[in-house]
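Here the structure comes first, spelled out in structure tokens, and everything after it is commentary.
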Amino acid sequence: DTAVSQTPKYLVTQMGNDKSIKCEQNLGHDTMYWYKQDSKKFLKIMFSYNNKELIINETVPNRFSPKSPDKAHLNLHINSLELGDSAVYFCASSQDRGREQFFGPGTRLTVL
Amino acid sequence: ELKVEQNPLFLSMQEGKNYTIYCNYSTTSDRLYWYRQDPGKSLESLFVLLSNGAVKQEGRLMASLDTKARLSTLHITAAVHDLSATYFCAVGGGADGLTFGKGTHLIIQP
């Protein structure tokens, strides 16, 4: 009965490749998010998505793009991967903006 | 720009002792969250504090919120080893998502 799930859990790839991380929530929530946790464990919001409205953190490179096929899914696509993209990426969801967020298990991305 | 500062960032303490983690934030907010993260794991929600003066307790952990001082505290009573983890406070949660503190890495030694 996983509330927020992500696949894959680990992703190792070469620089320049394109990859996707999938996120699904079965909580019936309206809002989903992507966060990046760097090697120092600092967490930073990347995107929030609510009812087809996308809010993008201005510091996120445009190589990153979220895609939402439906309300329960928010996938993260990354083009032309760079070494600095190595991090743990967490998906989260909430009933609506301003409510408690529930986090997925994370995807550890390593770019070689 | 909202800034969230936690201190201390690292805390080593003995079992049975009490201690407090502090979380200051820079702009007005009436929502503050505390999360726990174990190594290699996800973030587990501990407390949601929604109003000035809110106090919540769960086991040996107690969290409080003072919106006028823009301060939240996480108090640990009679610490036990199982509480070793990284604790994050976070503010916001609106369209811009949560803004997290840098986390407090807590080690509790026997």
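Of note:
- Looking across the stretch A:54-108, the residues that are part of a strand (DSSP E or B), closer than 27 Å to B:ASP38 by Cβ and within 11 Å of another protein chain (Cβ to nearest Cβ) come down to A:VAL88, A:PHE90, A:CYS91, A:ALA92, A:SER94, A:PHE102, A:PHE103, A:THR107, A:ARG108.
- So A:ASN57, is it without any contact (Cβ under 8 Å) to a residue 24 or more places away in the chain and more than 30 Å from B:GLU5 (Cα to Cα): no
- Where strands (runs of 3 or more DSSP E) fall wholly inside the stretch B:5-109, the ranges with 3 or more residues that are among the aromatic types (Phe, Trp, Tyr) are B:19-25, B:32-37.
- Residues of the stretch A:1-18 that are closer than 30 Å to A:GLY98 by Cα and among the charged types (D, E, K, R): A:ASP1, A:LYS9.
- Check on A:LYS44, outside any strand (DSSP E or B), within 14 Å of another protein chain (Cβ to nearest Cβ) and either at pLDDT 95 or above or surrounded by fewer than 20 Cβ atoms within 10 Å (Cβ to Cβ) (or both): no
- Residue within the stretch B:21-33 that is loosely packed, with under 14 Cβ neighbours inside 10 Å and either touching a strand residue (DSSP E or B) at 6+ places or on another chain (Cβ under 6 Å) or without any contact (Cβ under 8 Å) to a residue 12 or more places away in the chain (or both) present: no
The values are calculated or read from the model by the stated rules, or taken from the named source; none is laboratory data. It should be emphasised that the depicted structure is a prediction, and the values quoted were computed from it without experimental measurement. Note that each Cβ is placed from the backbone with ideal geometry, even for glycine, and that neighbours are counted across all protein chains shown.
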